[in-house]
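Report on the following structure.
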């Protein structure tokens, strides 16, 4: 290498300038115009179809009435192609005469045409027919058919191998967990998200802004993103304008109502109180309630004297949600743009101030500066706000777990009652202050491309984004007594305000250069792409807090007591440098080869481990293109076999693991009541910290038959991850935290399949589709041995965080049976659970724990159907999981044991008259532990479910009516989301069982009904 | 022109692949807290000494220790401290593992300071203060090893910072070797430590603290002459005296008393960084919505003498009626334990079960925060904190003068000098401070009785019953018992936790070395019986 060390930034700037100033000459000749229309086979105009000209860079998109115009066409004969997802591509020849307008009409037939779908493959797009790896794509319209707050929720059920786990409807924090082909690491398993060409975030994008979402699943597809792609890649494109020759204004919007879905049902009050009485009696205590009390309560005689409080009803309500976008889009030969303003408002379903609001403005512009030089400027400004109660979670938990319905909500004078328990969930929810958060995000994304007629193309992209976040948490002074029952005991008290103001600042800068060369001769087609990317991310944080403000209205830390304060700050930065290349080769469109090579460097790794090389290769054979096949097997339109292998990395680990650090302000101590700062050694550095490496092999097949109406895609894969980061235990004598090492291994093996049928019967267009996938996750290497965390386990040969506990084998029926069994608990009797003595030592204890469940969903599937008849359209989406273990804990299985929430399903509990019960007998209070020691397999339940995820009915107002209202198009629709769920776990929505917690999440999933319109002007 | 683009094109592509080599500096980011600049100035040493103090035994554990003796009980069976009272503690038990880690962390910090302080250039550190930092570190290391050896017996003893590999090669040192080292550390520290401090240094280790801890270490290992001499040396310093009001010593009013020789310092204002304590919330009574996770048991209540200096079984003053049994008792009972009829928070503490009592402390085995014995801890529970339960600031005493006086008396008795006038005088100082009659002669039992009632819930009883080898007599009981009360049918009942039978296998004189440590180090030997 040369000794001249030109800084990389300089080099980048220089070459960008070189690219941009390179001369470009536009030859003015005699030109003509092509104008045309595009309609479907029924003659209905087709907007948004892409029209390209073979052998030229000219392209445009059809407008709302299906019209398009191509101006400045040199005289000559051209082949025009029209294509759109869901339609069969069509080409027509047209001759242009200078100074004249030629016209052309397309009639596109609707097809399955899965293979004609355009997929973003990173730095390029390809039709699915030419893709050699495993990819998926969903068009934005498909997602917006389902009015959802978060695009992650919108992805559920569409793509096999893309698992979306939804943990509830908390406004502003309801992003679902998206996993592609299982979990490859013990740390962050999220996919790499690319928005408009650069790393971005998925959670705050407005679904109405999305043009398409592509997912790269296998190593060969994702390899162009090398070091960061081990968990798969999601490529999102936002909507852009197109050359329609005019501008139009569109409005999309909906209003929705959200209600908590699948709240558990409570038994009637009489049954509940009688059951509690029985429990008291069986524990040799006097019955808790008199018959008169029970009767009065059941009859609702006096709500203050005999309360029957529906706590869940007091905590949850139905709440509105609305999303609206106004967009100006369109363009001419020189400029195309899409300017949009969006306002999303989601109110929470809790009965206190609780919302998420998002304002987004986005300007996506294209400039055709010359015949060769094009540029894009994409600007975005987003403002997000949330308010959430501090008592959230606590309140819902106490409502189910600790507060009987006989506890009163409020006395007639409006003061809170804590009469029958020390909790008042409503007070906990509403009186403990809140957290107000705000994020302001700005981003600028500039793209330049220079194309030559000889097949060379150069691109440069610069992106910068800045995200400011502020969280203000305020805890007021509170002191709530029960004025009637215990006037001297404070049930909820906080004698000082606490105000915590934290600010986070993220700044990312990303620059990319690409060079492409494309050439075809004879049967050979080459496409070479090389590129360079440099990315820098900075993070800063500062936090200040004070307690003891003068009153509850002074919520900023500055108003607090200076002697009761705390501050903190943190900073970090990471940098990534990448070089990558991809070669596509096709022979006769029949044999397709793709080779990728990515060489990535990351600042997160040890000095000698900064760089990694990630190769991949994939091959596809379009069997249907073979002459013999075309001749003999005519009913198969497409048959493609695919195979790939590749190696990918994961760099999403903590910063600075390779550096020795000192923890300042750690080990502080107060001498003489004055705080003195301390310093302690940080985590032990591991200078050899490096990539987590995933090798993945994939095999797949794509088939289309019956005139492209039926399509099938299937894949099998094997993903082996090594060098997974793990804090390996070290001796306590070292006195420091364990260093992180590339030590563990994880395996994911699975398959995916999707089948789609799309056809038309007379005037009815319809389609149905089904997809399903399964993944088997296993830990293959875990130095340091098993890691046990209460009821989850990491162990070689088991899935990550397997459910761990005692195996329950049945319910004891007789005292003799108890006596003959291994010793469990001195109080064990008939009706209690019977545990397996795994080690045969005659007693049941922690040594008898085994793996009792797998938290990962299996056989995840989705099914969709849509139908269109004249101006009416309807669609349905079902989504489900075929096999999943859910571990139930807490109140949901305790019921009357602790006199808390008594769900109806627990009525089927063991008693001498109900020996064939689903649940063990009720036992009084802490004796319950004999039925739930830590965790046992009895409470590991079948979490399979099927959800009617979406229903959508739409009507497109006939054009002449729309025109009369000065609109070019108008559609109205009604949609339902999370309409119904079928599950063996009645009242316990399995999608809410969060693997990170042992208890169900109580911010319930919401069921939404919405009414929306799309208007074009 | 075409060739120009070809050249430009190749340039971009080439650059893409060669650019990396000179870009290494670009990837070389550094953490804001990188270690490169440490150990260059005095402030670095100060920060490290400070963090070494933070590993001292704390309020939570010291009170917990008494819950593992005949003084108290861990209130709930599912608490991880419970297994140390029913004989089922095993090498997997998590509570002892936490303490093992805490004290070795302290040892490692002290060792790191001792190994690095000489690297600070002489011009950058005051030579007198440097000697003090070294002495503080040695003192603290002695305190940590004293905890470790008395909890676990023969443990490994690193005296310099160790790597994981070095740690895994270590073997057990014998308890004798460890005590030798502890005494050597205190001996080295004492002369270099000042007698007292001023300003924001108050609370650091003093010469008196080093001598007093030397006495404790020597006494624990049966080196009575050394213990007596060290205790005498503390007494001869003339700086320490007993706080007049025993009850007030364990409150905000008692902080900075001349009785306190060394304490784990806490401050209310330090809540944001966790340098406060939660004594009121954790060990206070349910009356004030506290948890009371360790509670006194009947055996301790019965151990307090009557004001005539006789035990409850021999004194005519004792009335066994449920509401009279606490009258005329050693005043330290009321200062240490909350019992029915005790005045508390403007009312009367009444822990009899409902409906006899309508108070939050009413006995109720179903409520985890209510004491299973009906007794709650009074010592260190200062009502100043009742509305700020999570934020206490009272220092927890690790060494006080009364302990030194009793250690002196004990050592003298053990040396066969029970008739030593100074020993008797020291002993009687402790009794007369609380208006208990002075004794005229001294026996081993007198000393043990006095230590139990004087030092209850200060984290010392556990190690006293171990070194006296009396745990196997005092620990096994069929059930944990508590208050007496008369039930609705007029029958006198003694509250008992039905499933709390206590056992004491001989192995329990030492806790097991944590399995996690044995797994990593095959050279380590487990204590007998585990």
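The values are calculated or read from the model by the stated rules, or taken from the named source; none is laboratory data. Please read these numbers as outputs of a predicted model, since none were measured by experiment. Quick reminder, even Gly has a Cβ in these numbers, built from the backbone with ideal geometry, and neighbours come from all protein chains shown.
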Does residue B:190 fit the bill of being buried (at least 16 other Cβ atoms within 10 Å of the Cβ), over 25 Å from residue B:469 (Cα atoms) and away from every other protein chain (no Cβ under 13 Å)?
-> yes
Pairs, please: C-beta under 6 Å, at least 6 apart or cross-chain, first residue modelled with pLDDT under 95 and in segment B:130-155, second buried (at least 24 other Cβ atoms within 10 Å of the Cβ) and in a helix (DSSP H, G or I)?
-> none
Matching residues in segment B:34-62 (within 12 Å of chain A (Cβ to nearest Cβ) and within 12 Å of the chain's Cα centre (by Cα)) number 3
Looking at residue B:165, is it within 14 Å of another protein chain (Cβ to nearest Cβ), at pLDDT below 95 and either within 25 Å of residue A:674 (Cβ to Cβ) or part of a helix (DSSP H, G or I) (or both)?
-> yes
Residues of segment B:168-180 being within 14 Å of chain A (Cβ to nearest Cβ), farther than 17 Å from residue A:684 by Cβ and touching a helix residue (DSSP H, G or I) at 6+ places or on another chain (Cβ under 9 Å), in sequence order, are B:170, B:173, B:178
For residue A:840, state whether it is assigned to a loop (DSSP other than H, G, I, E, B), at positive phi and modelled with pLDDT under 90.
-> yes
Can you tell me which of B:263, B:368, B:342 is under 25 Å from residue B:479 (Cβ atoms) and within 13 Å of chain A (Cβ to nearest Cβ)?
-> B:368
Test residue B:95 against the criterion of being farther than 21 Å from residue B:381 by Cβ, in contact (Cβ under 8 Å) with a residue 12 or more places away in the chain, more than 10 Å from chain A (Cβ to nearest Cβ) and not in a loop (DSSP other than H, G, I, E, B), and give yes or no.
-> yes
Take residue B:248 and decide whether it is at pLDDT below 95 and either out of contact with any strand residue (DSSP E or B) (no Cβ under 6 Å at 6 or more places or on another chain) or more than 14 Å from every other protein chain (Cβ to nearest Cβ) (or both).
-> no
If you take the residues of segment A:673-693 that are in a strand (DSSP E or B) and more than 7 Å from chain B (Cβ to nearest Cβ), which of them is nearest to residue B:43 (Cα to Cα)?
-> A:692
Tally the residues that are part of a strand (DSSP E or B) and either within 14 Å of chain B (Cβ to nearest Cβ) or buried (at least 19 other Cβ atoms within 10 Å of the Cβ) (or both), restricting the search to segment A:715-744.
-> 14
Subset of segment A:569-590, residues surrounded by fewer than 18 Cβ atoms within 10 Å (Cβ to Cβ) and touching a helix residue (DSSP H, G or I) at 6+ places or on another chain (Cβ under 9 Å), comes to A:588, A:589, A:590
Subset of segment B:243-270, residues over 27 Å from residue A:546 (Cβ atoms) and assigned to a helix (DSSP H, G or I), comes to B:246, B:247, B:248, B:249, B:253, B:254
Condition test on residue A:116, is it farther than 30 Å from residue A:254 by Cα, surrounded by fewer than 22 Cβ atoms within 10 Å (Cβ to Cβ) and at pLDDT below 80?
-> yes
Does residue A:339 count as out of contact with any helix residue (DSSP H, G or I) (no Cβ under 7 Å at 6 or more places or on another chain) and surrounded by 14 or more Cβ atoms within 10 Å (Cβ to Cβ)?
-> yes
One residue from A:275, A:309, A:297 being assigned to a loop (DSSP other than H, G, I, E, B), more than 31 Å from the chain's Cα centre (by Cα) and touching a residue at least 24 places away in the same chain (Cβ under 8 Å) | A:309
Considering only segment A:554-672, give the strands (runs of 3 or more DSSP E) lying wholly within it that have at least 3 residues that are within 11 Å of another protein chain (Cβ to nearest Cβ) and within 25 Å of residue A:692 (Cβ to Cβ).
-> A:565-587, A:591-602
From the list B:288, B:276, B:200, which residue is surrounded by 19 or more Cβ atoms within 10 Å (Cβ to Cβ), under 30 Å from residue A:543 (Cα atoms) and within 14 Å of chain A (Cβ to nearest Cβ)?
-> B:276
Residue that is farthest from the other protein chains (Cβ to nearest Cβ) [pool: residues in segment A:469-502 that are buried (at least 18 other Cβ atoms within 10 Å of the Cβ) and in a loop (DSSP other than H, G, I, E, B)] | A:476
Unmet criterion (only one of (1) in a loop (DSSP other than H, G, I, E, B); (2) touching a residue at least 40 places away in the same chain (Cβ under 8 Å)) for residue B:197 = (2)
